[in-house]
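Q: Could you have a look at this structure, given as structure tokens, before my questions?
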Amino acid sequence: MKILVCISNVPDTTSKINFTDGDTKFDTNGVQFVINPNDEFGLTRAMWFKEKQDATVHVATVGGPSTESTIRKALAIGADEAIRVNAEPTDGFYVAQQLAEVVKNGDYDLIIAGRESLDYNGGMVPGILATLLGMNFVNTCISLEIDGANATAVREIDSGKEKITTSLPLVIGGQKGLVLESDLKIPNMRGIMQARQKKLTVIEPVDALKATEDTKFEKPAAKGAIKLVDNVDELVNLLHNEAKVI
Amino acid sequence: MSILVYTESENGKFKKNAFEVASYASAVAKQLGTTVTAVAFNTSDASSLGDYGVSKVLNITNDNLKTFNAKAFANAISEAANKETAKVVVLSSSADTKFLAPIVASTLKAGYVPNVVSAPESTSPFVVKRTVFSNKGFAQTQINSEVKILGVSNNSYGIHENSTTAAVENFSPSLSDSDFSVKSVEIDKVVGKATIADADIVVSGGRGLKGPENWGMIEELADVLGAATACSKPVSDMGWRPHGEHVGQTGKPVASNLYIAIGISGAIQHLAGVSSSKVKVVINTDPEAPFFKAADYGIVGDAFEVVPQLIEKLKEFKAQNA
Ligand SMILES: Cc1cc2nc3c(=O)[nH]c(=O)nc-3n(C[C@H](O)[C@H](O)[C@H](O)COP(=O)(O)OP(=O)(O)OC[C@H]3O[C@@H](n4cnc5c(N)ncnc54)[C@H](O)[C@@H]3O)c2cc1C
Ligand SMILES: Nc1ncnc2c1ncn2[C@@H]1O[C@H](COP(=O)(O)O)[C@@H](O)[C@H]1O
């Protein structure tokens, strides 16, 4: 089985978000970039398939040269090879088309992506990618087993979960649950050394549709001061008469 | 040309978000000087969409579509969009709809903007406002494709009545076996209880509650309020509560009218996921807990004292206001 894990390079979840250039760009100053947490769960699941089912695992990202430290981290965690498509990932449709080229050229059976990137929260790359390639697709995937060409997955729904059967080739949008939090892999020294020798191929983007562009950003309005109360009578009164939510 | 809206239903009845997306679609139709067509699956009350400005409903009756199937639903919606030459397709932000939206986008070669929070800022160029960075910012996003797909954030636009008469038309999308190559074999869902996605009120507990045995009072508070229950990430990681209850940046988003956080410190990743709730209440022993900076109302106090009192008070309040 040949697996491609799609890695989105995003600000650490604790980052303060600011905009620059007249609020037209995200301010990367002082921001630490990491593997998108949803992708980290997927990557760890891919490592399980590598160890237990002899899978080959490649990782791919669409991004500029600055994303290489994030892909090296994925290699240090254990991926065999990496591919970087040298383009700014400003639109989900565009990113999916670039990844579709990577998949076509690499003959992958399973594509593991995340439910959404924690930067622009698009939640669209895996679904568009699957449709472009005519592959099966399962979103908000919290469990995945592969047996030959058959796949069994569990997906999170609004009111619980749903068990799904399908077959390879398959694209998933994964998230927390795919592996236990405590099983998430942290690169060790040996992994980091080995990662330096692993193949990282840079390819140029193909011409593709850019369906959307962000023209301006803004931060949420500052929050008013909290009203502290010291008893529940007062709280119920405020929720009813002032906030009008009960 | 019209605006197409996908109105979600469950057991034949529209979900609340169906009326919100219909209201939203009517606003867009007004801006563009056109009408709204809805597409609905196996519903018995299709004409009720007229109350929210929908003038035509493509009603699909098909036993194979009784259970949600992303690809089949997406293909039916895309076919409806083509039939109506829709230039804008309006969708909700439920888990099911977020599953099918990218399939529709890809099929229609349309730009898809999720997490939209208000009616389009302009229609030429077509620009909408959406949340980005898990509610830590907003973006004005311009869509350049001919067909545009908008995913409306839960509870962001609201339900607005706008009475018209909806003509209901039967619609039979052409489906093939390959639309069902991803099969649902078992659904395990909580019934008879509000879900985090739909609830007006969400009651959430954190590590401050010390252990799963103490969730009785959280359940009871939720019951009194008709609320959904939720929790912080460590609570689900430790197995005190099911994973589906975890809210925040890496869990489910919460956009309820009221969010009550009990024994939750208010870490940045937690706040990011719950901040679009309209009113937030915090109950915490530590006055320095970051949640006090993000909430509207707060009680500095021990949950084990405050929550039982709050339940009693709310029961009294409900009895008086029944
Ligand atoms: C990549 C990443 C993603 C994350 N995503 C999420 C996410 O999506 N959602 C999320 O929730 N977290 C997330 N986290 C974890 C987050 O950083 C915090 O660790 C977590 O939110 C803390 O949970 P808590 O508030 O329940 O626990 P704590 O931080 O331990 O807080 C417990 C609180 O309870 C209070 N307390 C104690 N006793 C009582 C009492 N008797 N009565 C009332 N109050 C009491 C304490 O004063 C304290 O404020 C993420 C972390 C990372 C690194
Ligand atoms: N620039 C990118 N490069 C590689 N994979 C990406 C990129 N952007 C998104 N993805 C993948 O698609 C998933 C969903 O992303 P998005 O649609 O941007 O929310 C992510 O979790 C990644 O797995």
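Each reported figure results from applying straightforward, stated rules to the coordinates on display, with no laboratory input. Here the structure is a predicted model, which is why all the values come from computation and not from measurement. Glycine gets a Cβ as well: all are built from the backbone with ideal geometry, and neighbour counts include every protein chain shown.
Q: Given points 7 Å out from each Cα along the Cα-Cβ axis, report the A:D230 to A:E145 separation in nanometres with one decimal.
A: 5.8
Q: Continuing with this model, one more query. For A:V206 and A:K2, FRET efficiency with R0 = 30 Å and r from the beta-carbon atoms, rounded to 0.05?
A: On the way: r = 21 Å, r/R0 = 0.70.
E(calc), rounded to 0.05, equals 0.90.
Q: Relative to the Cα centre, what is the charge dipole magnitude of the protein assembly as shown, using +1 at the beta carbon of each Lys and Arg, -1 at the beta carbon of each Asp and Glu, and rounding to the nearest 20 debye?
A: Values: 55 positive and 66 negative charges, 145 e Å.
Result for the protein assembly as shown is approximately 700 debye, rounded to the nearest 20.
Q: With a 10 Å Cβ neighbour count serving as the proxy for reagent exposure, in which order, fewest first, do A:V202, A:V5, A:V245 appear?
A: Values: A:V202 11, A:V5 29, A:V245 19.
With the fewest neighbours first, A:V202, A:V5, A:V245 line up as A:V202, A:V245, A:V5.
Q: Going toward the positive end of the dipole of chain B, with +1 on Lys and Arg Cβ and -1 on Asp and Glu Cβ, which of B:F171, B:A230, B:S106 do you reach last?
A: B:S106
Q: On to the next question. With a Cα-only, solvent-free Debye model of chain B, what are the log10 I(q)/I(0) values at q = 0.08 Å⁻¹?
A: Cα-only, vacuum Debye calculation for chain B: -0.41.
Q: Please sort through the DSSP H helices of chain A and keep those with an alpha-carbon extent of at least 18 Å along the long axis and a Kyte-Doolittle average not below -0.5.
A: Details: long enough: A:37-53 (24 Å, -1.19); A:92-106 (21 Å, 0.19).
Qualifying helices: A:92-106.
Q: A further question follows. Of the listed pairs A:K16/A:K223; B:K16/B:K278; B:K71/B:K129, which have alpha-carbon separations greater than 20 Å here? Show your work: numbers first, answer last.
A: Numbers: A:K16/A:K223 16 Å; B:K16/B:K278 17 Å; B:K71/B:K129 28 Å.
B:K71/B:K129, as the Cα separations exceed 20 Å there.
Q: Further, regarding this structure: So if I place +1 on the C-beta of Lys and Arg and -1 on the C-beta of Asp and Glu, and nothing else carries charge, what would the dipole magnitude of chain A be about its Cα centre? I want it in debye, nearest 20.
A: Values: 26 positive and 34 negative charges, 122 e Å.
Taking the Cα centre of chain A as origin, the dipole is about 580 debye.
Q: Continuing with this model, one more query. Which percent, nearest 5, of DSSP beta bridges in region B:87-155 are antiparallel?
A: In region B:87-155, approximately 55 percent of DSSP beta bridges are antiparallel ones.
Q: I've got another one for you. Determine, for each peptide in A:90-97, B:308-315, the mean count of other beta carbons within 10 angstrom over its residues, then list the peptides with the highest first. Please list the in-between numbers first.
A: Working: A:90-97: 24.0, B:308-315: 17.2.
So the order, starting with the most tightly packed, is A:90-97, B:308-315.
Q: For region A:1-93, which trypsin sites (Lys or Arg not before Pro) are in a loop by DSSP, counting at most 13 other Cβ atoms within 10 Å?
A: Numbers: sites: A:K2, A:K16, A:K25, A:R45, A:K50, A:K52, A:R72, A:K73, A:R84; in loops: A:K16.
In loop regions of region A:1-93 (DSSP not H, G, I, E or B), the sparsely surrounded trypsin sites (Lys or Arg not before Pro) are A:K16.
Q: For the charge dipole of region B:221-305, defined by +1 on Lys and Arg C-beta atoms and -1 on Asp and Glu C-beta atoms about the Cα centroid, which residue among B:S256, B:G266, B:A303 has the Cα displaced farthest towards the positive pole?
A: B:S256
Q: If one computes the Cα centroid of region B:169-189 and of region A:22-65, what distance in Å separates the two points?
A: Result: 32 Å between the Cα centres.
Q: Explain nothing, just the number: dipole magnitude of chain B about its Cα centre with +1 on each Lys and Arg Cβ and -1 on each Asp and Glu Cβ, in debye rounded to the nearest 20.
A: Working: 29 positive and 32 negative charges, 160 e Å.
Once rounded to the nearest 20, the dipole reads 760 debye.
Q: Report the full-extension gain for the segment B:T67 to B:N321: residue separation times 0.36 nm, less the Cα-Cα distance, to one decimal in nm. Walk me through the numbers on the way to the answer.
A: Numbers: separation 254, 0.36 × 254 = 91.44 nm, distance 3.89 nm.
Extra length from B:T67 to B:N321 when fully extended: 87.6 nm.
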